[in-house]
Amino acid sequence: MKTKSLFSLTIAMLALAACSENEITEQNPEVNKPIGFDTYASVQTRGIEADIELLKGDGIGVMAYQTTGDYSTTGAKSEFMNKESVDWNNTTSKWEYAPVKFWPAGTNEKVSFFAYSPPYDITPTSADASNNPKIAYTLRDYQYQMIDIVVSNPEDATNNTMNMTSASGTVKFKFMHPLTRVDMVAKTGTDISKNSATKVFITGVSLIHTSKLNKKGTLDMKTLTWADNTTDYLASPYALTAYDNQNNECGILNLTAANFAGYTTSSIDISAGGTTATSLFIKKASGQNTDEFLFLLPVNNGTGTANAGDVKVKIAYDIVNKTGASTHAKSSVEKEVNLPAGVLKKGSAYKFTFIIGLNAITFDVDTDASWGAETDNSITVQ
């Protein structure tokens with residue numbers, strides 16, 4: 001998931017038509033005080049870097065629980081909000097939900113809030129007397145349509161949403177990324193951008209693992225940890241497939257038909273970039289957020305892979321040498337490379353740069369080559 005800076009936005013819930021957000025936050029704690037929300041996050045959805053407009057389009061879901069005294073995982077709790085949908089109103093330019101909720105009046109009554117986005121593709125499970133609220137998530141089959149999910153950090157040091165009362169003011173959600181984000185680029189070890197006779201084409205990429213990459217996961221919304229899952233794994237090899245909008249192929253690799261000296265294989269040309277790496281993933285059209293990523297369930301939560309090679313990447317590529325206007329000679333290669341230890345952590349983004357090494361063909365002349373003994377031949381010219 002590049003370091004992302006947080007962006008701020010105000011999500012003020014309409015409580016009463018005559019009340020502004022300031023009026024809500026300035027009221028003294030009392031009965032019938034409406035609950036307002038504020039949230040900020042670095043959010044990604046649908047495999048791309050999101051902006052505020054995408055968040056407005058998706059909305060957020062809220063789970064909340066009322067307790068007498070402080071919230072406890074194994075304590076009694078009453079459901080206060082269950083998958084509450086909070087949506088952006090373009091007409092009022094405000095975030096709204098209905099019906100509006102009000103703070104409980106009891107002196108020791110508290111409410112703890114949990115939030116997630118997007119509201120789809122996530123299956124929330126309400127808390128009970130023995131468990132925190134949870135969300136279940138399954139990776140989409142189509143890599144291009146994979147989404148990044150975000151959840152609030154309820155015990156964040158600056159925006160704690162646990163054990164709140166009307167005196168707490170606006171409920172502020174700070175979102176975090178519970179998945180891991182992957183980007184892949186490739187380049188040649190030698191700059192051949194000006195070599196018109198040789199090109200290198202990536203033809204396939206796969207992830208190889210042994211019971212490391214899960215397809216399904218369940219996240220505890222309070223501890224923000226994924227439960228162990230020893231059954232639901234991605235296939236190995238897990239092939240990254242081609243994106244082809246015309247044929248409804250929703251993979252992520254930017255494979256297109258080559259056109260080089262009769263070589264037409266569906267591939268990615270990494271030659272032209274020189275020492276600048278070429279993205280292996282599809283880019284969206286101009287005018288939109290163009291970065292596309294692969295989102296995966298993390299390995300061992302915040303620990304990542306234990307050893308180098310727990311997850312490998314298999315790269316298939318062709319080295320193509322032009323022999324005529326429409327003819328070529330091709331060398332097809334497959335290499336497996338180890339991803340290092342400590343990668344694919346929860347909430348972390350990775351860019352893997354693959355460097356394809358080339359061995360140029362060179363020539364030398366043996367200047368010591370012997371002619372042998374010189375033969376003296378007499379030729380008579382008359």
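The values are calculated or read from the model by the stated rules, or taken from the named source; none is laboratory data. Remember, predicted model here, so these are calculated numbers, not experimental data. Cβ sites come from the backbone with ideal geometry, for glycine too, and all protein chains shown count toward neighbours. Calculation scope for accessible area: heavy atoms of the full protein, side chains included, ligands and nucleic acids excluded. Shrake-Rupley method; radii C 1.70, N 1.55, O 1.52, S 1.80 Å.
Cα-Cα over 26 Å: which of 215/345; 187/215; 283/312?
On the way: 215/345 15 Å; 187/215 30 Å; 283/312 24 Å.
Where the Cα-Cα span goes over 26 Å, the pairs concerned are 187/215.
With θ taken as phi - 60° and the Karplus curve 6.51 cos²θ - 1.76 cosθ + 1.60 applied, the whole-hertz 3J(HN,Hα) list for region 316-329 is 10, 8, 10, 9, 10, 10, 6, 10, x, 4, 9, 10, 7, 10 Hz, x standing for glycine and proline.
Using a simple spin-label model with pseudo-atoms 7 Å out from Cα toward Cβ, residue 235 and residue 191 lie 4.1 nm apart.
Round to a whole number: what % of the accessible area of region 114-219 belongs to carbon and sulfur, probe 1.4 Å? The nonpolar share, carbon plus sulfur, comes to 46 percent. Normalised by the number of residues in region 69-147, the average gap of Cα pairs under 8 Å and 6 or more apart makes the relative contact order 31 percent. Structural descriptor for region 318-358: relative contact order 24 percent, calculated from alpha carbon pairs under 8 angstrom and at least 6 residues apart. For region 156-223, take the alpha-carbon Rg, divide it by the Kirkwood Rh, and send me Rg/Rh. Result: Rg/Rh = 1.28. Do any of 134/335; 212/330; 216/335; 222/335; 94/351; 314/346 go past 32 Å between their Cα atoms, and which? Going by Cα-Cα distance, 134/335; 212/330; 222/335; 94/351 fall outside the 32 Å limit.
Surface composition of region 254-329: carbon and sulfur make up 46 percent of the accessible area, probe 1.4 Å. The simple Förster model, with R0 at 45 Å and r as the Cβ-Cβ distance, assigns residue 333 and residue 176 a FRET efficiency of 0.65. Working from label points 7 Å from Cα in the Cα-to-Cβ sense, the residue 321 to residue 121 distance is 4.5 nm.
At a Förster radius of 22 Å, what calculated FRET efficiency corresponds to the Cβ-Cβ distance of residue 218 and residue 314, to the nearest 0.05? Display every interim value, and only then the final one.
Values: r = 30 Å, r/R0 = 1.35.
After rounding, the FRET efficiency stands at 0.15.
Per residue, the convex hull spanned by the Cα atoms of region 114-231 amounts to 194 cubic angstrom.
Restricting the calculation to Cα atoms, every distinct pair contributes to the Kirkwood radius of region 94-145, found to be 14.6 Å.
Rolling a 1.4 Å probe over the protein heavy atoms leaves residue 199 with an accessible area of roughly 50 Å².
Across region 205-343, the mean sequence separation of Cα contacts (distance under 8 Å, 6 or more residues apart), normalised by length, yields a relative contact order of 24 percent. Return the FRET efficiency for the residue pair residue 244, residue 98: r is the Cβ-Cβ distance, R0 is 41 Å, and the value is rounded to the nearest 0.05. The calculated FRET efficiency here is 0.45.
Please work out the average accessible area per residue across region 173-225, using the 1.4 Å probe convention, and give it in Å².
Working: 1790 Å² over 53 residues.
Ligands and nucleic acids excluded, the figure is 34 Å² per residue.
Computed from label points 7 Å out along Cα-Cβ, the spacing between residue 266 and residue 210 is 3.2 nm.
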